[in-house]
1. Restricting to the stretch 1-54, what's the tally of residues that are closer than 30 Å to residue 75 by Cα, at pLDDT 75 or above and part of a loop (DSSP other than H, G, I, E, B)?
2. Mind checking which pairs have a first residue in the stretch 1-13 that is surrounded by 12 or more Cβ atoms within 10 Å (Cβ to Cβ) and a second that is modelled with pLDDT of 90 or more and in a helix (DSSP H, G or I), Cβ under 8 Å, 6 or more apart or different chains?
């Protein structure tokens, strides 16, 4: 494996971990268990706050980085040979 693929693998793994963490940080939007737990912490206007919008932007950026690394892997990862 060449150095480019090693760097891409590290970026891919970090972006996956960050993406999971960011998705879990979003507040629940429904009436399920997450809404029951967080109902005392949040009010109805938290979805439009600056913090929520920034969290959305960071999640989208992490998803784009994750997707781009996957696409670059498709072209640069060494292929196996059939003997």
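The values are calculated or read from the model by the stated rules, or taken from the named source; none is laboratory data. Predicted, not measured: the structure shown is a model, and the values here were computed from it. All Cβ positions, glycine included, derive from the backbone under ideal geometry; neighbour counts span all protein chains shown.
1. So the first thing to find is which residues in the stretch 1-54 are closer than 30 Å to residue 75 by Cα, and the list is 1-23.
From what is left, the residues that are at pLDDT 75 or above are 2-23.
Next, only the ones that are part of a loop (DSSP other than H, G, I, E, B) stay: 2.
Of the residues in the stretch 1-54, 1 are closer than 30 Å to residue 75 by Cα, at pLDDT 75 or above and part of a loop (DSSP other than H, G, I, E, B).
2. Qualifying pairs under 8 Å: 8/69; 8/72; 11/65; 11/69; 12/66; 12/69; 12/70.
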